[in-house]
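Enquirer: Quick one: the structure is below, questions incoming.
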Amino acid sequence: GAVVSQHPSRVICKSGTSVKIECRSLDFQATTMFWYRQFPKQSLMLMATSNEGSKATYEQGVEKDKFLINHASLTLSTLTVTSAHPEDSSFYICSIAGGSYNEQFFGPGTRLTVL
Amino acid sequence: GENVEQHPSTLSVQEGDSAVIKCTYSDSASNYFPWYKQELGKRPQLIIDIRSNVGEKKDQRIAVTLNKTAKHFSLHITETQPEDSAVYFCAASKRTGGGADGLTFGKGTHLIIQP
């Protein structure tokens, strides 16, 4: 399967700052990438679909002005959490889809802690 | 949109016994149903998946069954071992001519294998 990396793996920031998370597809050209969020002891929730060269598609309830997504190349998508607050503290995971069905390959995740 | 229900939320079984986790989905267009095992702080790990044109799939101690009419699918783990202890998630998605969809996850099952 495809190899996906994320950077950073952990980040701690102060409330009100912005944080950028990178998702890279190392061996696959991904026109579509997905961003998920997982709060402690909860399930993964799809936040948005990142489309190379066009605007991201956000799920209901996800603020597009707060979670900025840029997918400028076939191997890189970035998620920027703007004006982060403690309630944004979560595990953020990206994935790419491959194959004739929808097999998804996940990045290792980024643990965001907002103080 | 898709809604995936997963039961039970916690399952405790004796080592060597079988474990069954069940999920239902709402969107009849969904055609891909993966199961993931997730350890604390790690990315989800695909353990088995099934596509809508198949009713059952087996891989050693793990099997998945799909009933499209009833819109439910189940994970079966036989001869459970202590290392099977983890949180398991079911998910559903579809791939159409328009491209891949993100995954909708169930809420997860905490599987505990008692020695």
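Enquirer: Out of all the residues in segment A:68-85, is one or more within 26 Å of residue B:6 (Cβ to Cβ) and part of a strand (DSSP E or B)?
Expert: No, segment A:68-85 has no match at all.
Enquirer: Can you pull out every residue in segment B:48-62 that is part of a strand (DSSP E or B) and either within 11 Å of chain A (Cβ to nearest Cβ) or buried (at least 18 other Cβ atoms within 10 Å of the Cβ) (or both)?
Expert: B:48, B:49, B:50, B:51
Enquirer: Given the condition modelled with pLDDT under 95 and within 12 Å of another protein chain (Cβ to nearest Cβ), answer yes or no: does some residue in segment B:6-26 qualify?
Expert: No: zero hits.
Enquirer: Next up: Let me confirm something: among B:73, B:89, which residue is under 11 Å from the mean Cα position of the chain (by Cα), within 14 Å of another protein chain (Cβ to nearest Cβ) and crowded, with 20+ Cβ neighbours inside 10 Å?
Expert: Answer to the selection: B:89.
Enquirer: Can you name the number of the only condition in (1) part of a loop (DSSP other than H, G, I, E, B); (2) closer than 30 Å to residue B:8 by Cα that residue A:28 fails?
Expert: (2)
Enquirer: Hey, does segment A:80-96 have a residue that's over 17 Å from residue A:8 (Cα atoms) and surrounded by 17 or more Cβ atoms within 10 Å (Cβ to Cβ)?
Expert: Taking every residue of segment A:80-96 in turn, at least one turns out to be over 17 Å from residue A:8 (Cα atoms) and surrounded by 17 or more Cβ atoms within 10 Å (Cβ to Cβ).
Enquirer: Just one of A:49, A:57 is surrounded by 13 or more Cβ atoms within 10 Å (Cβ to Cβ), under 21 Å from residue A:111 (Cα atoms), within 13 Å of chain B (Cβ to nearest Cβ) and within 15 Å of the chain's Cα centre (by Cα); which is it?
Expert: After ruling out the rest, the residue left standing is A:49.
Enquirer: Take residue B:27 and tell me if it is among the acidic types (Asp, Glu) and either over 25 Å from residue A:45 (Cβ atoms) or under 14 Å from the mean Cα position of the chain (by Cα) (or both).
Expert: It is false that residue B:27 is among the acidic types (Asp, Glu) and either over 25 Å from residue A:45 (Cβ atoms) or under 14 Å from the mean Cα position of the chain (by Cα) (or both).
The values are calculated or read from the model by the stated rules, or taken from the named source; none is laboratory data. Just so it is clear, the structure is predicted and the values come from calculations on it, not from any experiment. Virtual Cβ from ideal backbone geometry, glycine too; neighbours counted across all protein chains shown.
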